[in-house]
1. So how much slack lies between A:Ser109 and A:Gln81, counting 0.36 nm per residue of separation and subtracting their Cα-Cα distance, in nm?
2. Subtract the Cα-Cα distance of B:Val54 and B:Glu26 from 0.36 nm times their separation in residues, and report this length gain in nm to one decimal.
3. Using +1 on the beta carbon of Lys and Arg, -1 on that of Asp and Glu, and nothing else charged, what's the dipole of the protein assembly as shown about the Cα centre, debye to 20?
4. Return the ratio Rg/(2.2 N^0.38 Å) for chain A, where Rg is computed over Cα atoms only.
5. Going highest first, how would you order A:65-72, A:87-94 by mean Cβ packing within 10 Å?
6. Take A:Gln60, project a point 7 Å from its Cα along the Cβ direction, then tell me which residues of the stretch A:1-39 have their backbone nitrogen under 12 Å from it.
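Each reported figure results from applying straightforward, stated rules to the coordinates on display, with no laboratory input. Please read all numbers here as calculations on a predicted model, not as lab measurements. Using ideal geometry, Cβ is built from the backbone for each residue, glycine included, and neighbour counts are taken over all protein chains shown.
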Amino acid sequence: GEKVEQHESTLSVREGDSAVINCTYTDTASSYFPWYKQEAGKSLHFVIDIRSNVDRKQSQRLIVLLDKKAKRFSLHITATQPEDSAIYFCAASKYNQGKLIFGQGTKLSIKP
Amino acid sequence: NSKVIQTPRYLVKGQGQKAKMRCIPEKGHPVVFWYQQNKNNEFKFLINFQNQEVLQQIDMTEKRFSAECPSNSPCSLEIQSSEAGDSALYLCASSLYWGYAEQFFGPGTRLTVL
């Protein structure tokens, strides 16, 4: 079945630097790729998403890149702030199957 | 901020006992998903609904798990006979439509099976 691999289990960056989290997927039919943030003891909070008809999307400090050929997508957080510290999950789904397949999560720590 | 409501927040059951949890989706969201997040942060999709109709479910759900989303009542997920391996965070999510739609997650029900 469809798998989503999240390459970095932990990531530590200095405040103000950029953080990049990478994911790959296996099913070429996947066409929707959201990212979620989970802070300690809390639920998933939607961050940003990208559909397969574009290869880049930006929302303020967040940029998502999609490389359909390589079946890879990534989340770039620029000018990181302490409140960016959390676990980030990538996910993928097919248009005709709303269920999300999640990656294993990346724990992002922002150092002062 | 998500307005998906899940109750109870914590549930403790003995092996073999029934465990039932509820979810009220965001107002106007006809699509509801249930996921299981284990202690290793692995997610498993369980079942989803559009209005009251089951659209997809995994095999595990068909056997020991039952779920429903009745009209004008909370959705529910029930484990008929809890096992230690069912200990996890159960997340309910809702969305406006099928397909490319942001899923809004509730706070989850943390189930511990002793």
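1. Once the chain is fully extended between A:Ser109 and A:Gln81, it gains 9.1 nm.
2. 8.3 nm
3. Roughly 160 debye for the protein assembly as shown.
4. The value comes to 1.01.
5. A:87-94, A:65-72
6. Under 12 Å, as judged by backbone N against the label point of A:Gln60, lies no residue of the stretch A:1-39.
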